[in-house]
Amino acid sequence: MNPLTITSRDAATGPVLEITGDLDHGTAPELRKAVDRLTLAAGQLLILDLTGLVFCDSSGITALLAARNLATEQGGGIALAAVPANTARILSIVGLDRVFTIHPDISSATGVRSSAC
């Protein structure tokens, strides 16, 4: 079992929640609480950075949907970034890849391009 860590930061597009560890029955309420503490201005985008997500069960998927609902209620949008292959497969099977905007990485989700050194 990997502990869940949720780190919040701001981007030009709106808040970003970086989610690492296991998002499951025991930890999904933590994501719901983190999302409930956010305020989105109309037109802002809530981005869930899943780069470090190790495991996601049905409770985790439900928490992602709850985040989407809250963002929509506040007049904003939501996007998922860097969705791990196993979670992307589940989202695809249940049709949620058509509900969520999914970006391959956080920079494409925020519109930030890193410059080569």
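Only the coordinates and a few stated rules stand behind these numbers; no lab work does. Just so we're clear, the structure is a prediction, and the values are computed from it rather than from any experiment. Reconstructed Cβ throughout: ideal geometry from the backbone, glycine too, with neighbour counts over all protein chains shown.
Model label sites at T39 and D105, defined 7 Å from Cα along the beta-carbon direction, differ in position by 3.4 nm.
Summing +1 for each Lys or Arg and -1 for each Asp or Glu among the other residues whose beta-carbon sits under 14 angstrom from that of I102 gives 0.
Using only alpha carbons, the chain has a radius of gyration to Kirkwood radius ratio (Rg to Rh) of 0.94.
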